[in-house]
Amino acid sequence: MSERTYERLNVFKTYKLYVGGKFPRSESGRVYEVSDAKGNWLANAPLSSRKDARDAVVAARKAFGGWAGATAYNRGQILYRVAEMLEGRREQFVREVADAEGLSKSKAAAQVDAAIDRWVWYAGWTDKIAQVVGGGNPVAGPYFNLSSPEPTGVVVVLAPQESSFLGLVSVLAPVIATGNTAIVIAGEKSPLPALSLGEVLATSDVPGGVVNILSGRTAEIAPPLAAHQDVNAIDLAGADEVLAKELEIAAADNLKRVLRPQSVDNAHWFTTPGTERMTAFLETKTVWHPTGSLGAGGSSY
């Protein structure tokens, strides 16, 4: 008996936000059409509202204590796990990046491979950055004087508009590698790789709320986040000059740290990153401790 053949219906992917470790739709119920480089429809993406942005801040703040308090070694393990999961879904991301940026499969694969390698690179830095920017300070007195880096807190990241995946990873990974929690505003034109990254993070041991991903109109979502009193820093990588100035003014109200956008092309993201994006969102804690009496017999310790 021959098997009956029939034509299957296409199962279209439903893209959702990633907030607090869950996948909600926008509370507004809005979506917008995402097209490929040739103008062909790809999917509907959630159009985030100000309420979604506030929910993301609440989730990021709730997760901050546990993430900042985790050992650097543990954070490195988790970031490496993200790279492992991305490697397993490599073909999906190659396809999404190719569609989003109008690239050939080989060029999109190079972007995805570089993004996976970038996660591994930052995973290796989690327990080393303190050795680079911290240390003992010589002081004139019987004291130990030690400086150590501490995460800034909740960081808003405007993902680059023209590099939907490699650029996104390059600005997100250093933020969470150093113990901060993040709210990512995905690139407006090509948010799908960022939204798919949320699915990877949810299965990579990253605690819920450490990374929150919003999609929609950057100019609509970013201003309330820049002005939010419980946001500690903002990376303006995906803002144009006019929006960046507006956000800087809003961020000044509670003295947020601001990393201004730089004029870069896609080739820039392939270069080996330095430590600048990690140190941009670190504070320095300095501790003084008496050494006890020092004399001819040496320290009392």
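The values are calculated or read from the model by the stated rules, or taken from the named source; none is laboratory data. Quick caveat, the model's predicted, so the values are computed rather than measured. Cβ placement follows ideal geometry from the backbone for every residue including glycine, while neighbour counts extend to all protein chains displayed. For the accessible areas, the whole protein counts, side chains as well, though only heavy atoms, and no ligand, DNA or RNA atoms are used. Shrake-Rupley method; radii C 1.70, N 1.55, O 1.52, S 1.80 Å.
Worth a mention:
- Leading residue by the ranking (modelled with the highest pLDDT) among those in region 278-301 that are part of a strand (DSSP E or B) and among the hydrophobic types (A, V, I, L, M, F, W, C): LEU282
- Of all the residues in region 195-209, those that are part of a helix (DSSP H, G or I), under 11 Å from GLY21 (Cβ atoms) and not aliphatic (A, V, I, L, M) number 1.
- Residues that are modelled with pLDDT under 95, surrounded by 14 or more Cβ atoms within 10 Å (Cβ to Cβ) and β-branched (Val, Ile, Thr) within region 100-146 comprise ILE129, VAL133, listed in sequence order.
- Being open to solvent by 50 Å² or more (accessible area, probe 1.4 Å), of a type in the set (Lys, Arg) and at negative phi is a property that holds for LYS285.
- Candidate set: region 4-29, residues that are surrounded by fewer than 17 Cβ atoms within 10 Å (Cβ to Cβ) and among the charged types (D, E, K, R); chosen: the one farthest from SER215 (Cα to Cα): ARG4
- Scanning region 76-99 for residues that are open to solvent by 30 Å² or more (accessible area, probe 1.4 Å) and of a type in the set (D, E, K, R) turns up ARG81, GLU84, GLU87, ARG89, ARG90, GLU91, ARG95, ASP99.
- SER163 touching a strand residue (DSSP E or B) at 6+ places or on another chain (Cβ under 9 Å), of a type in the set (Gly, Ala, Ser) and in contact (Cβ under 8 Å) with a residue 24 or more places away in the chain: no
- Complete set of residues in region 179-209 that are open to solvent by 10 Å² or more (accessible area, probe 1.4 Å) and out of contact with any Asp or Glu (no Cβ under 7 Å at 6 or more places or on another chain): GLU188, LYS189, GLU199, ALA202, THR203, ASP205, VAL206, PRO207, GLY208
- For region 31-75, filtered to residues that are among the basic types (Lys, Arg) and touching a residue at least 60 places away in the same chain (Cβ under 8 Å), the residue that is surrounded by the fewest Cβ atoms within 10 Å (Cβ to Cβ) is LYS38.
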